[in-house]
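Heads up: the structure comes next, in structure tokens.
The values are calculated or read from the model by the stated rules, or taken from the named source; none is laboratory data. These figures come from a predicted structure and were not determined experimentally. Here the Cβ positions follow ideal geometry from the backbone for every residue, glycine too, while neighbour counts run over all protein chains shown. When the accessible area is computed, the model is the full protein with side chains, heavy atoms only, and any ligands, DNA or RNA have been set aside. Shrake-Rupley method; radii C 1.70, N 1.55, O 1.52, S 1.80 Å.
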Amino acid sequence: MTQHYSFLQLIRQAINHHEGWKPAWNSVEPKDSYDIVVVGGGGHGLATAYYLAKNHGITDVAVLEKGWIGGGNTGRNTTIVRSNYLRDEAAHLYEFALKLWEGLSNELNFNVMFSQRGVLNVGHSLQDMRDIERRVNANLLNGIDGEVLGPSDIQKIVPLLDCSPQNRYPVLGASWQPRGGVARHDAVAWGYARAADRLGVDIVEHARVVEIPLERGSHSVEGVVIEHDGERKFIRARKVACVTAGNSGVLASLAGLKLPIESRPLQAFVSEPLKPCLDTVVMSNAVHGYLSQSDKGDLVIGAGTDGYNGYGQRGSFEIIEETAHAICELFPAFSRVRMNRQWGGIVDICPDACPIIGRMPVPGLYFNCGWGTGGFKATPGSGFVFAHTIAEDHPHPLAAPFGVERFHSGALIDEHGAAGVAH
Amino acid sequence: MLRIYCPYCESVRDEDEFHCVGEAHIKRPERPDELSDQAWGEYLHFRTNPRGEHREIWHHVVGCRQHFNVVRDTETYEIKSVYRVGEEPSSAADSDA
């Protein structure tokens, strides 16, 4: 039985010199068959398993992770959470997720360090400002908090931001979502893993799916073949749910499908730790950079995606240069800050920059993918609506517009560039 | 930084002279009026997105401004071959990139 985390527990463990703590979850050997197999042990996959168990009472579930929990994109993003999307469909989905974020630490009994320090999306041109006003008004109509700020208000919130009018890209204003913020990204994976494990879900690490066999007659999913401990093993499953971000195309091809997705590295860096100097999230589409300061003090900086497909978890050099330009344009004071680490995560980009959540043409196969550069913020909502979609075999109302059918019907949700989609 | 051989300039240049247009050899439907929604969707949006060899179109955007094809490994980023539009890939067309 998992320990309940509380102040009392902390005192109890302290008396025993902290030697009584048990692992937060157990990585187990897989059984021969499950009701539902979730492929991908990132935040979205673990959240899916958790809500399957909690909301739908389905506990005969395995989460298969090819690496280790928290080692994929969940631990590689820049941890920004916001819901100020332009289109109704997207705004409702992300706002639903944001509401779940607000109670997540309590729900999971795990501190995900969700900090609603506000998100500024800065505008540098007249068109930027028109878009920002339109988006903020759309947000208000959808019940999402937002405000349009002028340079003097922005300067009060972020004193280090260069708002002088002589800049090449002057700061003309910004949208401000006070309920937005950041969370500790790997704690989200750990928290969901622990909570799902508690409810009876099997978490299997170092298990890579190498085949998705289909039944001969019905062409429905039979299960998955995994590579685990150097051996191949077949796991029978009634339903297979793939939540594998950048590797979605690879998984789809195992079932003989193609997706409207291309995979590219998205980069991020962190600097050396600094004294507290930035207590909010600043994003700019026009100069293309976004940053926040973590509780450790390092600046967490996000960059753009490479201009071509790739599965190398590093990203190209031009992007580093472009991002450094952007950060120095916004914050000249940071020009002398040294960077500690740089990395890339493989993101799955849809033509309309919106996710694909739902059933696939193969019966029993479900995909939750295409979150592209902005999936972290949606983690709780994504898992919630995807679990519903799998359990009921019918899309959750919030997920209904995000079926893969939209690429045939033409009902795309045009978020690209419309919202503050700087990831 | 990729170093890409442009078959028109006949020289190897840095990646930032180029723009990747996307997957190559996607044929525009010959009879668009007769196409089903399914087929239009496939043509417009669905891509192979392989982990491994990928055939793609590159544009020498700040050079000769010509389009050409590249076979590149998306995992190792090795450029396997470069060939002009209308040609098929062959190992003889290998660049020294």
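How about the stretch A:294-322: which of its residues are away from chain B (no Cβ under 14 Å) and open to solvent by less than 10 Å² (accessible area, probe 1.4 Å)?
Step one: filter the stretch A:294-322 for residues away from chain B (no Cβ under 14 Å), giving A:294-303.
Answer for the stretch A:294-322, where residues must be away from chain B (no Cβ under 14 Å) and open to solvent by less than 10 Å² (accessible area, probe 1.4 Å): A:Gly297, A:Leu299, A:Ile301, A:Gly302, A:Ala303.
Out of the residues in the stretch B:1-12 meeting the condition of being within 13 Å of chain A (Cβ to nearest Cβ) and part of a strand (DSSP E or B), tell me which one is nearest to B:His59 (Cα to Cα). Reasoning before the result, please.
To start, the set of residues in the stretch B:1-12 that are within 13 Å of chain A (Cβ to nearest Cβ) comprises B:1-4.
Next, only the ones that are part of a strand (DSSP E or B) stay: B:3-4.
Details: B:Arg3: 14, B:Ile4: 11 Å.
Looking at residues that are within 13 Å of chain A (Cβ to nearest Cβ) and part of a strand (DSSP E or B), I get B:Ile4.
Conditions: (1) out of contact with any helix residue (DSSP H, G or I) (no Cβ under 7 Å at 6 or more places or on another chain); (2) assigned to a loop (DSSP other than H, G, I, E, B); (3) not assigned by TED's automatic domain parsing to the domain that holds A:Gly374. A:His219 meets all but one. Number of the miss?
Evaluating A:His219 over (1) out of contact with any helix residue (DSSP H, G or I) (no Cβ under 7 Å at 6 or more places or on another chain); (2) assigned to a loop (DSSP other than H, G, I, E, B); (3) not assigned by TED's automatic domain parsing to the domain that holds A:Gly374 leaves (3) as the failure.
Could you say which residue among A:His396, A:His388 is part of a loop (DSSP other than H, G, I, E, B), farther than 22 Å from A:Glu262 by Cβ and modelled with pLDDT of 95 or more? Before you say what the answer is, go through the steps one by one.
Values: A:His388 fails: part of a loop (DSSP other than H, G, I, E, B).
Residue meeting the stated conditions: A:His396.
Take the conditions open to solvent by less than 80 Å² (accessible area, probe 1.4 Å), among the hydrophobic types (A, V, I, L, M, F, W, C), at negative phi and facing another protein chain (nearest Cβ under 9 Å) and apply them to B:Cys20. Does it pass?
Values: open to solvent by less than 80 Å² (accessible area, probe 1.4 Å): yes; among the hydrophobic types (A, V, I, L, M, F, W, C): yes; at negative phi: yes; facing another protein chain (nearest Cβ under 9 Å): yes.
Yes.
State yes or no: is A:Asp197 among the charged types (D, E, K, R), assigned to a helix (DSSP H, G or I) and not assigned by TED's automatic domain parsing to the domain that holds A:Cys277? Quick ask: steps written out before the conclusion?
On the way: among the charged types (D, E, K, R): yes; assigned to a helix (DSSP H, G or I): yes; not assigned by TED's automatic domain parsing to the domain that holds A:Cys277: yes.
For A:Asp197, the condition - among the charged types (D, E, K, R), assigned to a helix (DSSP H, G or I) and not assigned by TED's automatic domain parsing to the domain that holds A:Cys277 - is met.
Within the set of pairs 6 or more residues apart or between chains, which connect a residue that is under 23 Å from A:Gly118 (Cβ atoms) inside the stretch A:174-201 to a residue that is among the basic types (Lys, Arg) with Cβ atoms less than 7 Å apart?
A:Ser175/A:Arg135; A:Gln177/A:Arg82; A:Gly180/A:Arg82; A:Gly181/A:Arg117; A:Val182/A:Arg117
Out of all the residues in the stretch A:136-158, is one or more modelled with pLDDT under 95, in a loop (DSSP other than H, G, I, E, B) and more than 27 Å from the chain's Cα centre (by Cα)? Give the derivation first.
We begin by selecting, within the stretch A:136-158, every residue modelled with pLDDT under 95; these are none.
The answer is no, given that none of the residues of the stretch A:136-158 is modelled with pLDDT under 95, in a loop (DSSP other than H, G, I, E, B) and more than 27 Å from the chain's Cα centre (by Cα).
Does A:Gly383 fit the bill of being within 13 Å of another protein chain (Cβ to nearest Cβ) and small (Gly, Ala, Ser)? Give the derivation first.
Values: within 13 Å of another protein chain (Cβ to nearest Cβ): no; small (Gly, Ala, Ser): yes.
No, not satisfied.
Among (1) closer than 21 Å to A:Thr74 by Cα; (2) open to solvent by 40 Å² or more (accessible area, probe 1.4 Å), which single condition is A:Asp348 missing?
Answer for A:Asp348: the failing condition is (2).
When A:Pro401 is evaluated against the numbered criteria (1) open to solvent by 30 Å² or more (accessible area, probe 1.4 Å); (2) in a helix (DSSP H, G or I); (3) within 14 Å of chain B (Cβ to nearest Cβ), which criterion, by number, is the only one it fails?
(3)
So which residues in the stretch B:42-63 are closer than 25 Å to B:Arg13 by Cβ and aliphatic (A, V, I, L, M), if there are any at all?
Within the stretch B:42-63, B:Ile57, B:Val61, B:Val62 meet the criteria.
Just need a number here: residues in the stretch B:76-94 that are modelled with pLDDT of 95 or more and either assigned to a loop (DSSP other than H, G, I, E, B) or at the interface with chain A (Cβ under 10 Å from one of its Cβ atoms) (or both).
Of the residues in that region, 3 qualify.
Is it the case that the stretch B:26-36 has a residue that's without any contact (Cβ under 8 Å) to a residue 12 or more places away in the chain, surrounded by fewer than 12 Cβ atoms within 10 Å (Cβ to Cβ), within 27 Å of A:Lys258 (Cβ to Cβ) and within 11 Å of chain A (Cβ to nearest Cβ)?
Yes.
Identify the residue in the stretch A:245-279 that is more than 10 Å from chain B (Cβ to nearest Cβ) and of a type in the set (D, E, K, R) and, among all such residues, is least open to solvent (accessible area, probe 1.4 Å).
A:Glu272
Take A:Glu133 and tell me if it is open to solvent by 50 Å² or more (accessible area, probe 1.4 Å), in a helix (DSSP H, G or I) and in contact with a strand residue (DSSP E or B) (Cβ under 6 Å, 6 or more places away or on another chain).
yes
Which of the residues that make up the stretch B:41-75 are open to solvent by 30 Å² or more (accessible area, probe 1.4 Å), over 14 Å from the mean Cα position of the chain (by Cα) and within 11 Å of chain A (Cβ to nearest Cβ)?
B:Glu42, B:Tyr43, B:Leu44, B:His45, B:Arg51, B:Glu75, listed by residue number.
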